Amino acid sequence: MGDGGAYFIAGALPQTEAPALEATPWGATEVVGHRLPRVDAYERVSGTAVYPLDVLLPDMLYAGILRCPHAHARVKKLDLTSARDMPGVRAVIGAGTPGGEIPWYQVRGRAFSRLFDEHCRHEGEEVAAVAAETPYQVFDALRAIAVDYEVLPFVVDEERARASGAPPVHDSGNRVGEPAVYERGDVAAGFAAAAAVVERTFRTSCEVHAPMEAHGSVVRWDGNRLTVWDTTQGVFAVQGEVARALGLPLANVRVIGHYMGGGFGSKLEAGKYTVIAALLARATARPVKLFLPREDVFLATGNRPANLMTVKLGAAKDGTLTALEFSSLGSTGAYPYSAATSFMASELYSCANVRTRDETVFTNAGKARPMRAPGFPQCAWALEQAMDELAGKLGIDPLALRLKNVPATAQRRGNQPYTTAGLADCLRRGAEAFGWDRSRRPRHGGSKRRGVGVAACFWGYAGGPPSTVIVKLFADGSVNLNMGAADIGTGTKTVMAQVVAEELGTPLERISIEHADTGTTQFATPSGGSKTVPSDSPAVRAAALEVRRKLLAMAADEMKVPAEELTLRGGEVVAKSDPAAKLAVSAVPGLQRQGALVGVGTRAPNPEGVVTAPFAAHFAEVEVDTATGEVRVLRVVAAQDSGRVLNRLTFANQTFGGVVMGIGFGLTEERVLDRNTGKMANANWHDYKIPTMLDVPIDQQCVPIDRPDDAFNSTGTKGLGEPATIPTAAAIANAVFHATGVRVADAPITPARFLQAAAQKEG
Amino acid sequence: MLPNFRYVKPRSLAEAIEHAAIPGAVLHGGGTDLLGFLRDGVAGANTVVSLSGLAELRGLREERGRLRIGALTTVAELAASPAVMHVLPGLAQAAAAVASPQLRNQGTVGGNLCQKPRCWYYRGDFHCLRKGGDTCFAATGENQYHCIFGGESCVYVHPSDLAPMLVALGALARLAGPSGSRVVPVEKFFVLPEEDFTRETVLEPGEVLTEVVIPLPPKATRTSYRKVRTRGAWDFALVGVALAVSWDGQLVRDARVVLAGVAPIPWRAAGADNALRGVRVTPAEAARAAEAAVVGARPLAMNAYKVDLVRNLVRETLQALV
């Protein structure tokens, strides 16, 4: 689709073969679906979990990166000698030293930059790097590097970037490709036939991912083999990029990513820091640790682009949409990526006449990266507020207007049917849990006003092959689950262990997990795109089923009961017809003789001719102090259709996390670039305002639809991470309007923006 | 990274003053502002003089109609003090509005008054006027958080929540220095950029703020502090309003309206004070005082909303106080 769903797939990936055993859909389940705590909860809470930032190796050096302080500049002269002479310094590299020329930001064979490029296109671009015995020596040495910059004209505003005469970020201009236009039906006729038309321009701010654990790596060479401890969402993605950059065979690059402290899309790819650390480690023959200081994370590890979006909607008297027009402008920063947002607008609601246009430009700012549903929260901000306005104009309840336009098919994807479509369910069941009808009644008050709002979404990617997983049953009945996927904090390890437990009857505490290590686990795509569960859990199930089949065959010999009449429960093989006939797994002679049973599971191809998508609808109640513009979110109900729920607790956790992130998008977070210098004004935790506990309501309710999507995969699962955050901000904005009659079109709704919008309305 | 510095922990005030007088020395109370300031490289320091060994600078006590607050008293202690909550609820509110629980536990009253500006250009990688450059980046830049009053050449806003309340209460600051001790009203403790844009307070080299003394107001006095910020905690005021109003029956005998987040110093809205004196605070009078509070405001390109915010907040907080 090219709008952000397939970002984690580097080129066309091979399909894994269909698993050997056909897996029939689960009916009722014993372990899957329950509220179970994380299998690694103790490690995470006690501090025994080792994150890459914690890794300390004998003889290890520390490293840091010198970055360009200007929005746009050319390095005229770089003098590394004084830094080399500093105490404790073991290596200094930059443009002109080996590896500095490594191509970077490559798209279709064209490299837009180099590891160290004299042409610095944004504040924070890498100029040189140092390895030294202590972090303080690194700090001092970085400041001793003398750089002579030619400061160039810059552009950081996306509208200015596309105007003629704007300073070019690249010689080829500031356009990232031609604007992408999509059209169906007859838009002009659709608007002509409309009884009501609304049109408004919305803007969202640029957000940064701001994970708790900064980006970075620890690297060690053993001869020509490189081991990388990386804080990443995808060890295999990092392996591929690092191997390519350094000219190494894949087999010589081992990337380990067991625990990681948050990514949200910013850790789907290899960072320059990993390759820089590897070059420094090679130059010094010492292990090197390179973690970015917080400022660098803000400047150079990705962001969600700001978007300027104009929405025009037309509808008949009864609310049936007759036409929809959506245009979007966004900036990718200095290197190619997509800032498109229109995809959801063309499929969320049924509409025959649609035109969308997406334009992405370069600016002199850090490159954008996928951020939790790339393009979709921005689209929801605009589209769902426009739907609210349309409902107001037609005099129809906003919930009813949405239900009126629930689509039957995926309209932008050949009108294919959905395997399961939960939009209407999310709207209805969410509304019921929220008490929509009751809450919607107007209330009066002084300067503090309460209101409610709704917004909906789907997410454009569902996952699929490849995925290969190994499950190993040891002679004592304990199990090792071996999978390549990262657990980025979502509970991946826990739910996958539940899938194994469901099939093998093994207690969770007897299942150990080996994961996210290119040296010891099987290929998996990065954990992103809300696809880890729907991509990898069927492979886990297939591997467990293979072990089960082998084990039951062995037990059948011993018990003289046909294998198909046996099942596994609590570490025992039990005859279905005669529960008294049982045998401990560890007593199965075949297993004892063999030592261990191994099952290999793969992810079957996705079904053809159908589309799979998770859906959601969020409902928010807010209190707005119209005198001050303070918005307090009082409660949120999030109805999520993500297929079968594997774990009720992690499901709710991830939903709440999405809601919190949505509150940041809607109310507090924005990157501020100084108009006069192009430099970031708020590259710190304090000025870049992530919501605190006081900004998040305790009253959050997750309503899972929990309808297994058995036509899609063998676990009936769809994704959750992204649809849990897409509509939150728009629901809040609609609630603010319901409370006050003030439409705040620009995110985030800070007191300042509310007061400005309120003054404009009066004025 | 923190730059290199010498660390000393004096055992007596006299010793602290001696160290503080060394050029390049800085005072360390709770460190919540100082350490970030040094880490961000806003300015260097060759000596960090910790005051933490000076027990005599800690604690609150009521004495002869005055509340004496040692400079090392933590903001959390102030917020939780029953005496303060009972007699000067506005001061407790101001203390509770500071930063976050962790920072209030560590940050001190003295340090809160001696905070360096929070302007993001000053704190960030910008060689601004205040750091010896030749430009105030905020004047023509991203100035949504900057001042609407009193910004000549440098347009930061004073970051303290306590200071406006203390000014409203007519508090005094005791300063001890190489040539003895002196007392200045907290109102006169702060320095406007037009007077001297290289400093924020009247502290001379070697001088230490040792305590704040609040004359306890007459019984019929009410105080309040209301802060508006972008997020619920760990955020400085967009606008804060400190009120201390004493009554004579139904009528206002005396009022002090002091604003946070609008000027490089705690800003006295003297026009509002005058408008309130002798009147009964009806909604109309509250609105009149609120209007008087914004007279003379000169918003920058991006902060006109602060004028509305001051007007609305003064009006609402006055009415809430009645």
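Every number in this text was worked out from the coordinates using simple rules, so none of it is lab data. Small disclaimer: the values here were computed from a predicted structure and weren't measured. All Cβ positions, glycine included, derive from the backbone under ideal geometry; neighbour counts span all protein chains shown.
Quick look at the numbers
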quantity: Computed lengthening from A:ARG593 to A:MET212, 0.36 nm per intervening residue step minus Cα-Cα distance; calculated: 132.4 nm
quantity: Low-density loop positions, chymotrypsin sites (Phe, Trp or Tyr not before Pro), the stretch B:158-225 - DSSP coil, at most 16 other Cβ in 10 Å; calculated: none
quantity: For A:133-140, mean number of other protein chain Cβ atoms within 10 Å; calculated: 2
quantity: Top positive-direction residue, dipole computed over the stretch A:617-692 with Cβ charges, set A:VAL672, A:TYR688, A:SER642; calculated: A:SER642
quantity: At q = 0.11, 0.22 Å⁻¹, base-10 log of I(q)/I(0) for the stretch A:492-584 (Debye sum, equal scatterers on each alpha carbon); calculated: -0.39, -1.06
quantity: Spacing of the two label points (7 Å from each Cα toward its C-beta) at B:GLU63 and B:THR140, in nm; calculated: 5.3 nm
quantity: Kirkwood Rh in Å, taken over the stretch A:553-657 so that all alpha-carbon pairs contribute; calculated: 19.5 Å
quantity: Sites A:ARG110 and A:ARG84, calculated FRET efficiency, Cβ-Cβ separation with R0 45 Å, nearest 0.05; calculated: 0.85
quantity: Virtual paramagnetic centre 7 Å along Cα→Cβ of A:LEU21, amide N under 20 Å, in the stretch A:462-476; calculated: A:467-476
quantity: For the stretch A:712-763 and the stretch A:41-114, distance of Cα centres in Å; calculated: 38 Å
quantity: The stretch A:145-216-the stretch A:342-415 distance, computed between alpha-carbon centres (Å); calculated: 17 Å
quantity: Loop GluC sites (Glu not before Pro), the stretch A:553-662 (other Cβ atoms within 10 Å of the site Cβ: 14 or fewer; DSSP); calculated: A:GLU608
quantity: Student exercise, chain A dipole from Lys, Arg, Asp, Glu Cβ charges, in Debye to nearest 20; calculated: 580 debye
quantity: Kirkwood-type radius of the stretch B:236-307, with distances r between different C-alpha atoms, in Å; calculated: 12.8 Å
quantity: Entries in A:LYS448/A:LYS761; A:LYS472/A:LYS531; B:LYS188/B:LYS219; A:LYS550/A:LYS576 that, when Cα-Cα distance is taken, lie over 20 Å; calculated: A:LYS472/A:LYS531; B:LYS188/B:LYS219
quantity: Label-point separation in nm, A:ALA193 to A:ARG428, each point 7 Å along Cα→Cβ; calculated: 2.7 nm
quantity: Other protein chain Cβ atoms within 10 Å, averaged over every residue that makes up B:139-151; calculated: 2
quantity: Over chain A - Rg/Rh using Cα atoms and the Kirkwood inverse-distance radius; calculated: 0.99
quantity: Within straight-line cross-link reach of A:LYS582, aspartates and glutamates at Cα separation under 12 Å, skipping those fewer than 8 residues along the same chain; calculated: A:GLU558, A:GLU565, A:GLU572
quantity: Whole-Hz couplings from phi, Karplus 6.51/-1.76/1.60, listed for the stretch B:150-166; x for Gly and Pro; calculated: x, x, 9, 6, 9, 10, 5, 10, 5, x, 7, 8, 6, 4, x, 5, 5
quantity: For A:PHE619, net neighbour charge (Lys/Arg +1, Asp/Glu -1) across residues whose Cβ lies under 11 Å away; calculated: +1
quantity: More than 36 angstrom apart: percent of Cα pairs within chain B; calculated: 15 percent
quantity: Dipole-positive endmost among A:LEU313, A:PRO507, A:ALA587 within chain A (Cβ charges, Cα centre); calculated: A:LEU313
quantity: Coil-residue trypsin sites (Lys or Arg not before Pro) of the stretch A:497-595, DSSP, other Cβ within 10 Å capped at 14; calculated: A:LYS560, A:LYS576
quantity: R0 of 60 Å, Cβ-Cβ distance B:GLU152-A:VAL45: FRET efficiency to nearest 0.05; calculated: 0.70
quantity: Average other protein chain Cβ within 10 Å of Cβ, residues A:672-679; calculated: 5
quantity: Rg/Rg_globular for the stretch B:78-168, with Rg_globular taken as 2.2 N^0.38 Å and Rg from C-alpha atoms; calculated: 1.28
quantity: Residue-count net charge about A:LYS267 - beta-carbon cut-off 15 Å; Lys, Arg +1, Asp, Glu -1; calculated: -1
quantity: Alpha carbon centroid spacing (whole Å) that separates the stretch B:59-84 from the stretch A:563-597; calculated: 72 Å
quantity: Sites A:ALA316 and B:ARG277 - FRET efficiency at Förster radius 51 Å, r taken between beta-carbons, to 0.05; calculated: 0.20
quantity: Label-point gap, in nm, between A:ALA475 and A:THR134 - each point 7 angstrom along Cα→Cβ; calculated: 5.3 nm
quantity: Orphan Cys of chain A, criterion: no other Cys C-beta under 4.7 Å; calculated: A:CYS206, A:CYS351, A:CYS379, A:CYS426, A:CYS457, A:CYS702
quantity: Helix-only CD estimate at 222 nm, as mean residue ellipticity for chain B, using -39500 (n - 2.57) per DSSP H run (n ≥ 4); calculated: -7500 deg cm²/dmol
